[in-house]
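> The structure is given below, and queries will be raised subsequently.
What follows is calculated from the coordinates using simple rules that are stated; it is not laboratory data. Please read these numbers as outputs of a predicted model, since none were measured by experiment. Here Cβ is always computed from backbone atoms with ideal geometry, including for glycine, and neighbour counts include all displayed protein chains.
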Amino acid sequence: MLRILEQVAQSPEPLHSIELAQRIDAPRATTHRLCTLLQHMGFLEREIGGKRFVLGSRQIALALRTLSDAAHCSERHALLQALAREANETVNIAVLEGNEAVYVDRVECQWPLRHHMSVGTRVPIHCSASGKLFLALLPAAERRKRLAAPLQPYTGKSITDSGTLQQQLRRIRSLGVSVNDEEYIQGMIGIAVPVRDRRGRICATVSLNAPTARSSPRQILDYVPALRRTAEAIEATLPTADATPA
């Protein structure tokens with residue numbers, strides 16, 4: 001089963017059980033049965049309107065914990081600390097889990113005025129900087145799946161119209177930068193850039209939060225170079241495909 005998960009994780013496209021059987025050199029019936037079991041357990045999901053498989057929410061959650069507890073965790077935290085000192089604002093590493101972005105590491109700024117969130121905090125994908133960045137860079141089918149449910153408002157600036165959000169996501173996709181303008185918490189803005197795996201796919205974000213009393217959506221863009229340097233440094237700590245268990 002681990003070999004099936006490995007193949008699905010490494011593939012840029014969803015895979016049929018027949019393709020998986022060929023890749024792991026196993027009988028088709030056995031592979032299909034294992035895929036169905038993994039789907040039932042939440043480690044695999046069917047693509048929307050199709051029979052091919054993609055990673056499921058439970059596997060993504062497992063990857064989240066691996067990223068948080070891996071050997072390079074202290075190295076990544078040190079990079080985050082350096083970014084927090086440079087920017088003098090709160091910074092985070094987040095990963096995607098279902099319809100939420102989850103903070104797996106965080107360094108708080110030293111200002112008295114700040115909004116405290118702990119590691120493990122979950123924020124909605126449609127009105128947070130990290131969440132919108134994940135949405136923008138997901139395959140179109142996955143993006144539609146996550147936007148199928150009604151979009152809940154959290155502040156007066158929350159985007160609840162799918163068409164309006166799609167327009168913003170296109171701009172985020174072209175720039176590679178996502179900004180949250182008080183859409184989740186009133187008086188708090190944020191910005192995020194992607195962390196990409198060795199295959200070039202977004203696997204996490206580096207983000208920064210600041211109160212509107214100290215910054216604005218335009219001013220917060222000044223942090224983009226520092227955020228990108230940190231994201232590139234974090235990418236260098238990620239395991240290669242060869243390190244994946246067979």
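> Once fully extended, how much extra length lies between residue 229 and residue 198, figured as 0.36 nm per residue of separation less the alpha-carbon to alpha-carbon distance?
Full extension from residue 229 to residue 198 adds 9.5 nm.
> With r as the distance between the Cβ atoms of residue 6 and residue 140 and R0 = 22 Å, compute the FRET efficiency 1/(1 + (r/R0)^6) and round to 0.05.
0.35
> What list of ³J(HN,Hα) couplings, whole Hz, do you get for segment 85-98 from phi and the Karplus terms 6.51, -1.76, 1.60, once you set θ to phi - 60° and write x for glycine and proline?
5, 5, 7, 6, 9, 6, 10, 9, 10, 10, 10, 8, 9, x
> If the chain between residue 149 and residue 219 were fully stretched, how many nm would it gain, using 0.36 nm times the residue separation less the Cα-Cα distance?
21.9 nm
> Pick from 18, 159, 202: which is most flexible by mean-square fluctuation in a GNM of the chain where alpha carbon atoms under 10 Å apart are linked?
So, out of 18, 159, 202, the one fluctuating most is 18.
> Separate question: Using amide H atoms built in the peptide plane, which far-off residues or other-chain residues are under 5 Å from residue 195 H to H?
203, 204, 205, 206
> Turning to a different aspect of this structure: Which ³J(HN,Hα) values in Hz, rounded to whole numbers, follow from the phi angles of segment 25-31 under the Karplus curve 6.51 cos²θ - 1.76 cosθ + 1.60, where θ = phi - 60° and Gly and Pro get x?
Working through the residues one at a time gives 6, 10, x, 4, 4, 5, 5 Hz.
> Another question, if that's okay. What is the calculated FRET efficiency for residue 116 to residue 29, with r their C-beta to C-beta distance and R₀ = 41 Å, to the nearest 0.05?
Working from the Cβ atoms, E equals 0.15.
> At what distance in nm do the modelled label points of residue 168 and residue 36 sit from each other, each positioned 7 Å from its Cα along Cα→Cβ?
Result: 4.3 nm between the two label points.
> Tell me the mean residue ellipticity at 222 nm calculated for the chain from its helices only (DSSP H runs of n ≥ 4, each -39500 (n - 2.57), averaged over every residue, nearest 500).
-12500 deg cm²/dmol
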